[in-house]
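Structure first, commentary second.
The values are calculated or read from the model by the stated rules, or taken from the named source; none is laboratory data. Quick caveat: nothing in here was measured; it's all calculated off a predicted structure. Reconstructed Cβ throughout: ideal geometry from the backbone, glycine too, with neighbour counts over all protein chains shown. Only protein heavy atoms, including side chains, enter the accessible area calculation; ligands, DNA and RNA are left aside. Shrake-Rupley method; radii C 1.70, N 1.55, O 1.52, S 1.80 Å.
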Amino acid sequence: MYQHTINVGKTGLTESVLTEIKTRIEKHGQIRIKFLPSAENRKELVAALAGMVDAKKVSKIGFVVVLAKK
């Protein structure tokens, strides 16, 4: 269903990852971000992600977040 997926690993949400998320949201309208077990502070990152990239959170199941354009 979601072909546009970004995996976030141990480096977390770096500036380049945030830029890629913003670019894909603009291009595709909706993307899925999966936080891998190696990502530090996963709970905090999942909670703050939508605000960091100026998008709306469509759903959150565990450590997988679906974001869409505002």
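In table form, for the structure just shown:
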{"quantity": "Residue within region 42-52 that is at negative phi, assigned to a strand (DSSP E or B), free of Cβ contacts under 8 Å to residues at least 24 places away in the same chain and not polar (S, T, N, Q) present", "calculated": "no"}
{"quantity": "Qualifying residue in region 15-34 (condition: assigned to a loop (DSSP other than H, G, I, E, B), more than 11 Å from the chain's Cα centre (by Cα), among the polar types (S, T, N, Q) and surrounded by fewer than 11 Cβ atoms within 10 Å (Cβ to Cβ))", "calculated": "no"}
{"quantity": "Pair list, Cβ under 6 Å, 6 or more apart: region 20-41 residue more than 17 Å from Lys10 (Cα to Cα) and without any contact (Cβ under 8 Å) to a residue 40 or more places away in the chain, other residue open to solvent by 20 Å² or more (accessible area, probe 1.4 Å) and in a strand (DSSP E or B)", "calculated": "Arg32/Thr5"}
{"quantity": "Total residues in region 43-56, condition open to solvent by 50 Å² or more (accessible area, probe 1.4 Å) and touching a Gly at 6+ places or on another chain (Cβ under 9 Å)", "calculated": "0"}
{"quantity": "Those residues of region 14-43 which are closer than 16 Å to Phe63 by Cα and either touching a helix residue (DSSP H, G or I) at 6+ places or on another chain (Cβ under 6 Å) or among the acidic types (Asp, Glu) (or both), in sequence order", "calculated": "Ile31, Phe35, Glu40"}
{"quantity": "Subset of region 57-70 that is in a loop (DSSP other than H, G, I, E, B) and either closer than 15 Å to His4 by Cα or hydrophobic (A, V, I, L, M, F, W, C) (or both) - its residue that is least open to solvent (accessible area, probe 1.4 Å)", "calculated": "Phe63"}
